[in-house]
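For reference, the structure discussed in these notes is given below.
The values are calculated or read from the model by the stated rules, or taken from the named source; none is laboratory data. These numbers were taken from a predicted model, which means no experiment stands behind them. All Cβ positions, glycine included, derive from the backbone under ideal geometry; neighbour counts span all protein chains shown. Side chains included, ligands, DNA and RNA excluded: accessible areas come from the protein's heavy atoms. Shrake-Rupley method; radii C 1.70, N 1.55, O 1.52, S 1.80 Å.
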Amino acid sequence: MSLRHRLGKAALATGILAGLLAAPPTALAAAGPTTLPASQYTLAANYNQFDAVNTALVSTLGTAAVHTVMDNANHDRTALPSSFSVAGLSTGFRFDSGDNSDCANYPQGITTSRDAVGTANSGNYDGHQLVLVSWYTKDGCDGEQARSRITLVDWDATYPNKYRKVLLVEPTGTAAAPDFKDIPVHAGGVSWYGDYLYVADTGHGMRVFDMRKILKTNTGGTADQIGHQTGSTYYAHNYAYVLPQVGTITSKTTSGTNLAWSSISLDRVSKSIVMTEYTCSSGCTDYPNRAPRAIRYPFAASGTFAATTTASQALQLPWYKLNGVASHNGRWWFNSSGQKQLYYWTPSAGASTFSWVGSGESLSYWEDDTSADLLWSLQEGAGNRNVFAVTQATYGGG
């Protein structure tokens, strides 16, 4: 069912019509990006890195199609609170109370089945219209980063308002003794294109996963157990499903410092992934103190990255503490959590600055043939994890 139908019901039910009717934000002129040599930025892609072990894992554990995972979705998403307001608000949701307040797990990246397959058949992948969110997990509320996961959220009135968590794992061992382990990355950005899911790996590039290869695992054991136990028993911190990495996209820079892959997003128009960096103007100890960059990497005609890919666009940005990026048809948006601002830029129109939400994370462009195009985003702060969509035209787009 269309997003428009769902919106009408959700808006009346949750009282977010005030957000729908809010006055457009005031756009302020801002300094814009400058062009960098795109040839300095390349990717090396390997989609077959774990083939032997993954084949053995599939043979041992079996796979679950996305529609099977969603048939077994076991968490209820809830409506946005009436207190949530942002200009151009169209729709959205919250995770259940446990996930909304969890101090050990933090949502970061966002992508949708509209990224994966486009607008055909209402953007359904394996029969479901989905919002996908990436998370990182700490070892306790004040612990170190320990693992990462995704959440698949049904976004179609045909189905219940449910979601399911899937653990991300890296294959280990051999074809004769296959195993897997946790992936302790920040998962700050995620992009879904075709059957492949790309997850940002801050200091390296991206990790690649195949949505056709979700594995079924045993839910017994203890919450700290991961991987092979005995015989054909595999545990995954009590998760019923794991998604094993299939490959790696490695980033290389011939001039200047290496890229910090803080966030990524898909541009279906130019068939590319764009990335940006979280940096500080000065004074940061955990992040680079320099101007951030945004780079565009095109897919090959096959719909995957070639063995070697050269960037098609590179920008140096005048904004800092960027958690999100989106691009569509020559337009760019950048979210700064630190400044609570959303920046819009095109080469012809220049840059504009809009007020935005606090603790905002990644962005994803939702294209629609019959309704307004949207920008999806989310907030990571415990107790305030709103996942929401705004009309992109409210923020400079046309």
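Which one of SER97, SER148, SER101, SER90 is crowded, with 23+ Cβ neighbours inside 10 Å and farther than 20 Å from LEU375 by Cα? First the steps, then the outcome.
Details: SER97 fails: crowded, with 23+ Cβ neighbours inside 10 Å; SER101 fails: crowded, with 23+ Cβ neighbours inside 10 Å; SER90 fails: farther than 20 Å from LEU375 by Cα.
So the residue among SER97, SER148, SER101, SER90 that is crowded, with 23+ Cβ neighbours inside 10 Å and farther than 20 Å from LEU375 by Cα is SER148.
Pairs are defined by a Cβ separation below 6 Å, a sequence spacing of at least 6 or placement on different chains, a first member in region 216-241 that is free of Cβ contacts under 8 Å to residues at least 24 places away in the same chain, and a second member that is part of a strand (DSSP E or B) and surrounded by 19 or more Cβ atoms within 10 Å (Cβ to Cβ); the pairs so defined are ASN218/TYR235; GLY221/TYR235; GLN225/TYR235; GLN229/TYR235.
Can you give me the number of residues within region 211-235 that are small (Gly, Ala, Ser) and in contact with an Asp or Glu (Cβ under 9 Å, 6 or more places away or on another chain)?
Within region 211-235, the first condition is being small (Gly, Ala, Ser), and the residues that meet it are 220-221, 223, 227, 231-232.
Narrowing the set further to residues that are in contact with an Asp or Glu (Cβ under 9 Å, 6 or more places away or on another chain) leaves 227.
Here the count works out to 1.
Scanning region 181-210 for residues that are in a loop (DSSP other than H, G, I, E, B) and within 14 Å of LEU266 (Cβ to Cβ) yields GLY189, GLY194, ASP195.
A quick yes/no check of all residues on (1) buried (at least 17 other Cβ atoms within 10 Å of the Cβ); (2) assigned to a loop (DSSP other than H, G, I, E, B); (3) touching a residue at least 12 places away in the same chain (Cβ under 8 Å); (4) in contact with an Asp or Glu (Cβ under 9 Å, 6 or more places away or on another chain):
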residue	(1), (2), (3), (4)
ALA45	yes, no, yes, no
LEU57	yes, no, yes, yes
ALA73	yes, yes, yes, yes
VAL86	yes, yes, yes, no
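Among the residues of region 274-302, the ones that are out of contact with any Phe, Trp or Tyr (no Cβ under 7 Å at 6 or more places or on another chain) and assigned to a loop (DSSP other than H, G, I, E, B) come to 12 in all. Candidates are the residues of region 75-84 that are over 21 Å from the mean Cα position of the chain (by Cα) and under 17 Å from LEU378 (Cβ atoms); the one that is surrounded by the most Cβ atoms within 10 Å (Cβ to Cβ) is PHE84. Note on region 220-241: residues that are open to solvent by less than 50 Å² (accessible area, probe 1.4 Å) and within 18 Å of GLY62 (Cβ to Cβ) amount to 9.
When ALA314 is tested against (1) in contact (Cβ under 8 Å) with a residue 24 or more places away in the chain; (2) closer than 18 Å to SER281 by Cα, exactly one condition is not met: (2). Set side by side, the residues TRP155, TRP135 differ, and just one is open to solvent by less than 40 Å² (accessible area, probe 1.4 Å) and touching a Pro at 6+ places or on another chain (Cβ under 6 Å), which is TRP135. ALA176 meets the conditions (1) out of contact with any Pro (no Cβ under 6 Å at 6 or more places or on another chain); (2) open to solvent by less than 10 Å² (accessible area, probe 1.4 Å); (3) among the aliphatic types (A, V, I, L, M) in every case but one. The failed one is (2). Scanning region 252-260 for residues that are in contact with a His (Cβ under 8 Å, 6 or more places away or on another chain) and closer than 30 Å to PRO298 by Cα turns up nothing. The condition (being touching a Cys at 6+ places or on another chain (Cβ under 7 Å), among the small types (Gly, Ala, Ser) and open to solvent by 40 Å² or more (accessible area, probe 1.4 Å)) is satisfied by just one residue among ALA372, ALA382, ALA301, ALA307: ALA382. Of all residues in region 127-148, those that are out of contact with any strand residue (DSSP E or B) (no Cβ under 8 Å at 6 or more places or on another chain) and either within 30 Å of ALA223 (Cα to Cα) or in a strand (DSSP E or B) (or both) total 4. Looking only at residues in region 261-298 that are open to solvent by less than 20 Å² (accessible area, probe 1.4 Å) and of a type in the set (Val, Ile, Thr), the one that is farthest from THR248 (Cα to Cα) is THR279.
As a summary of the residue check, SER122 satisfies the conditions (1) at negative phi; (2) of a type in the set (Gly, Ala, Ser); (3) part of a helix (DSSP H, G or I); (4) surrounded by fewer than 22 Cβ atoms within 10 Å (Cβ to Cβ) except for the one numbered (1). Candidates are the residues of region 310-338 that are in a loop (DSSP other than H, G, I, E, B) and under 15 Å from GLY398 (Cβ atoms); the one that is least open to solvent (accessible area, probe 1.4 Å) is GLY330.
Go through the residues of region 339-355 one by one and say whether even a single one is in a loop (DSSP other than H, G, I, E, B), of a type outside the set (A, V, I, L, M), touching a helix residue (DSSP H, G or I) at 6+ places or on another chain (Cβ under 7 Å) and touching a residue at least 24 places away in the same chain (Cβ under 8 Å). Talk me through it step by step, then tell me what you get.
Within region 339-355, the first condition is being in a loop (DSSP other than H, G, I, E, B), and the residues that meet it are 339-340, 347-349.
When the remaining residues are screened for being of a type outside the set (A, V, I, L, M), the result is 339-340, 347-348.
Now restrict to residues that are touching a helix residue (DSSP H, G or I) at 6+ places or on another chain (Cβ under 7 Å): none.
No.
Listed by first and then second residue, the pairs linking a residue in region 167-195 that is more than 21 Å from ALA240 (Cα to Cα) and without any contact (Cβ under 8 Å) to a residue 12 or more places away in the chain to a residue that is acidic (Asp, Glu) and surrounded by fewer than 24 Cβ atoms within 10 Å (Cβ to Cβ), with Cβ atoms under 9 Å apart and 6 or more places separating them unless they lie on different chains, form an empty list.
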